[in-house]
1. Taking S127 as the residue in question, decide whether it is out of contact with any Cys (no Cβ under 6 Å at 6 or more places or on another chain) and at pLDDT below 90.
2. Somewhere in the stretch 33-50, is a residue modelled with pLDDT under 95, crowded, with 16+ Cβ neighbours inside 10 Å and in contact with a Leu (Cβ under 7 Å, 6 or more places away or on another chain)?
3. How about the stretch 33-66: which of its residues are touching a strand residue (DSSP E or B) at 6+ places or on another chain (Cβ under 7 Å) and among the aliphatic types (A, V, I, L, M)?
4. How many residues are among the hydrophobic types (A, V, I, L, M, F, W, C) and outside any helix (DSSP H, G or I) if we restrict to the stretch 39-55?
5. So which residues in the stretch 73-87 are in contact with a strand residue (DSSP E or B) (Cβ under 6 Å, 6 or more places away or on another chain) and either basic (K, R) or surrounded by fewer than 19 Cβ atoms within 10 Å (Cβ to Cβ) (or both)?
6. Give the residue that is surrounded by the fewest Cβ atoms within 10 Å (Cβ to Cβ), with candidates limited to residues of the stretch 95-115 that are of a type in the set (G, A, S) and under 14 Å from V55 (Cβ atoms).
7. Only one of (1) closer than 24 Å to V132 by Cβ; (2) touching a strand residue (DSSP E or B) at 6+ places or on another chain (Cβ under 9 Å); (3) aliphatic (A, V, I, L, M); (4) at pLDDT 90 or above fails for L69. Which number is that?
8. Only one residue in K123, K68, K118, K60 is surrounded by fewer than 15 Cβ atoms within 10 Å (Cβ to Cβ) and out of contact with any Lys or Arg (no Cβ under 7 Å at 6 or more places or on another chain), so which one is that?
Amino acid sequence: MRKLLLYRHTEARQITKCTMVSRKKRGKGMNISKFSETAHTEKPDTETTRLLERVMQDDKLNRQEKNKLADILYGTFSPHSPVYRLHGWAWYMQSYLPRFLVSFNYGKEFNPYYAHDKTALRKVLHSVAEIVKA
């Protein structure tokens, strides 16, 4: 299993190792499930869901698609979590995207975010002080 380090911000610009947390390795199957009894019998087939499934299959994405994925997960009208929900179905993206720890100008703690790269996160999030790959 892959191990990730969680970090704790102790002083300005100094990061120390805090704890070790194990994370599931990428499985062969996709992490898509129903979370509601009233969900449609088939998964919704939209441009967004096709993009999420391309990420799960490790397809190569261009810059516009990477930015759109970050906007889907962390944009203005998004749930700010690595889980995308639509019509009773949920796509769990945390095991398919790299994890970044983000510090904002107005706080000293680091918050976890999942995105393809730092550039996509910077396009979506505002007042970012520092981004560290975990």
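The values are calculated or read from the model by the stated rules, or taken from the named source; none is laboratory data. Every value quoted in this text rests on a predicted model; they were computed, and no experiment measured them. With ideal geometry, Cβ positions are generated from the backbone for all residues, glycine too; neighbour counts draw on all protein chains shown.
1. On the way: out of contact with any Cys (no Cβ under 6 Å at 6 or more places or on another chain): yes; at pLDDT below 90: no.
No: the conditions fail for S127.
2. Checking the stretch 33-50: at least one residue is modelled with pLDDT under 95, crowded, with 16+ Cβ neighbours inside 10 Å and in contact with a Leu (Cβ under 7 Å, 6 or more places away or on another chain).
3. Filtering the stretch 33-66 down to residues touching a strand residue (DSSP E or B) at 6+ places or on another chain (Cβ under 7 Å) leaves 33-35, 39, 43-44, 49, 52.
Listed by number, the residues that qualify are A39, L52.
4. Within the stretch 39-55, the first condition is being among the hydrophobic types (A, V, I, L, M, F, W, C), and the residues that meet it are 39, 51-52, 55.
Of the ones still in play, those that are also outside any helix (DSSP H, G or I) are 39.
Residues meeting the conditions: 1.
5. So the first thing to find is which residues in the stretch 73-87 are in contact with a strand residue (DSSP E or B) (Cβ under 6 Å, 6 or more places away or on another chain), and the list is 82-84.
Answer for the stretch 73-87, where residues must be in contact with a strand residue (DSSP E or B) (Cβ under 6 Å, 6 or more places away or on another chain) and either basic (K, R) or surrounded by fewer than 19 Cβ atoms within 10 Å (Cβ to Cβ) (or both): just V83.
6. Per the stated criteria, the residue is S95.
7. With (1) closer than 24 Å to V132 by Cβ; (2) touching a strand residue (DSSP E or B) at 6+ places or on another chain (Cβ under 9 Å); (3) aliphatic (A, V, I, L, M); (4) at pLDDT 90 or above applied to L69, the lone miss is (2).
8. On the way: K123 fails: surrounded by fewer than 15 Cβ atoms within 10 Å (Cβ to Cβ); K68 fails: surrounded by fewer than 15 Cβ atoms within 10 Å (Cβ to Cβ); K118 fails: surrounded by fewer than 15 Cβ atoms within 10 Å (Cβ to Cβ).
It is K60.
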